[in-house]
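The values are calculated or read from the model by the stated rules, or taken from the named source; none is laboratory data. All values derive from a computational prediction rather than experimental measurement. Cβ placement follows ideal geometry from the backbone for every residue including glycine, while neighbour counts extend to all protein chains displayed.
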Amino acid sequence: MARVGIYPGSFDPLTMGHVNIVQRSLRYFDVVVVAVLNHPEKRAMFTPEERAGLIADVFTDEKRVQVDHFGGLLVDYVRSRGADAVIRGLRAVQDFEYEFQMTMMNRRLAPDLDTVFMMTDEEHFYIASRTVKEVAKLGGTIDGLVPEQVKAAMFEKLGRSQ
């Protein structure tokens, strides 16, 4: 039986830190599902479908990575996919506090659901999607912070040339 890990998030946009977590998760899971959260209260640059499409483009050569999008409770989505665990990336102490709260709530809702925490590699620990969007909007360079496909899509959205 294949071990399936769900890596949920808004991924608006997908960063190299996210890519790092996905690549390393493949060491422990047979299939990693990158699950784009449709969070209607967040003001996103890309629609969930656009984000899912960009992620699929980035991982087009990795057949063990699947991409999906969902709304509602994560525990319901994980159950619907028959997954073994949730994968969460951590960058700093602030991430841990938030993720710990979410994990404990998920455990209350689904006691059999485990969460696997992975620290992003040190070269990516400062990268946040929110900051990448801000830098791009203000005309700064985002080279090396996001995959090239994502960078091109961001500049297209912003009406900027690369």
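Can you name every residue in region 56-68 that is more than 25 Å from Met1 (Cβ to Cβ) and touching a residue at least 12 places away in the same chain (Cβ under 8 Å)?
Asp57, Val58, listed by residue number.
Of all residues in region 20-47, count the ones that are surrounded by fewer than 19 Cβ atoms within 10 Å (Cβ to Cβ) and among the hydroxyl-bearing types (Ser, Thr, Tyr).
2
Condition first: hydrophobic (A, V, I, L, M, F, W, C), out of contact with any helix residue (DSSP H, G or I) (no Cβ under 8 Å at 6 or more places or on another chain) and more than 13 Å from Gln23 (Cα to Cα). Now tell me which residues in region 50-84 satisfy that.
Of region 50-84, the ones hydrophobic (A, V, I, L, M, F, W, C) are 52, 54-56, 58-59, 65, 67, 70, 73-75, 78, 83.
Among the residues that remain, those that are also out of contact with any helix residue (DSSP H, G or I) (no Cβ under 8 Å at 6 or more places or on another chain) are: 52, 55-56, 78, 83.
Within region 50-84, Ala52, Ala56, Val78, Ala83 meet the criteria.
Report, by residue number, each residue of region 27-45 that is closer than 22 Å to Gly144 by Cβ and either charged (D, E, K, R) or at pLDDT 95 or above (or both). Full working, then the answer.
Residues of region 27-45 that are closer than 22 Å to Gly144 by Cβ, as a first pass: 34, 45.
Across region 27-45, the qualifying residue is only Val34.
Just a yes or no: is a residue in region 134-155 among the aromatic types (Phe, Trp, Tyr) and either surrounded by 15 or more Cβ atoms within 10 Å (Cβ to Cβ) or assigned to a helix (DSSP H, G or I) (or both)?
There is at least one residue in region 134-155 that is among the aromatic types (Phe, Trp, Tyr) and either surrounded by 15 or more Cβ atoms within 10 Å (Cβ to Cβ) or assigned to a helix (DSSP H, G or I) (or both).
Mind counting the residues in region 129-162 that are within 16 Å of Asn20 (Cβ to Cβ) and among the acidic types (Asp, Glu)?
Total meeting the criteria: 1.
Go through region 23-65 and report how many residues are more than 18 Å from Lys133 (Cα to Cα) and part of a strand (DSSP E or B).
6
Within the group Phe96, Phe59, which residue is in contact with a strand residue (DSSP E or B) (Cβ under 7 Å, 6 or more places away or on another chain) and modelled with pLDDT of 95 or more? Full working, then the answer.
Values: Phe96 fails: modelled with pLDDT of 95 or more.
Checking each option against the conditions leaves just Phe59.
Return the residues of region 77-107 that are free of Cβ contacts under 8 Å to residues at least 24 places away in the same chain and touching an Asp or Glu at 6+ places or on another chain (Cβ under 8 Å); say none if nothing qualifies.
Residues satisfying the conditions do not exist here.
Is there a residue in region 48-59 that is surrounded by fewer than 19 Cβ atoms within 10 Å (Cβ to Cβ) and over 14 Å from Ser10 (Cα atoms)?
Yes, the conditions are met somewhere in region 48-59.
Residue check: is Arg88 of a type in the set (Lys, Arg), part of a helix (DSSP H, G or I) and either within 10 Å of the chain's Cα centre (by Cα) or surrounded by 15 or more Cβ atoms within 10 Å (Cβ to Cβ) (or both)? Don't jump to the end; show me each part of the working.
Values: of a type in the set (Lys, Arg): yes; part of a helix (DSSP H, G or I): no; either within 10 Å of the chain's Cα centre (by Cα) or surrounded by 15 or more Cβ atoms within 10 Å (Cβ to Cβ) (or both): yes.
No.
Show the residue pairs that are 6+ apart or on different chains and have beta-carbon atoms under 8 Å apart, the first residue being within region 108-133 and in a helix (DSSP H, G or I), the second being surrounded by 15 or more Cβ atoms within 10 Å (Cβ to Cβ) and of a type in the set (Ser, Thr, Tyr).
Once the first residue is in a helix (DSSP H, G or I) and sits in region 108-133, its partners that are surrounded by 15 or more Cβ atoms within 10 Å (Cβ to Cβ) and of a type in the set (Ser, Thr, Tyr) give His124/Thr15; Ser129/Ser10; Ser129/Thr15; Val132/Thr15.
Which condition breaks for Asp68 when tested against (1) part of a strand (DSSP E or B); (2) modelled with pLDDT under 95; (3) surrounded by fewer than 19 Cβ atoms within 10 Å (Cβ to Cβ)?
(2)
I'd like the full set of residues that are surrounded by 15 or more Cβ atoms within 10 Å (Cβ to Cβ) and under 19 Å from Val93 (Cβ atoms), limited to region 118-133.
Met118, Met119, Thr120, His124, Phe125, Ile127, Ala128, Ser129
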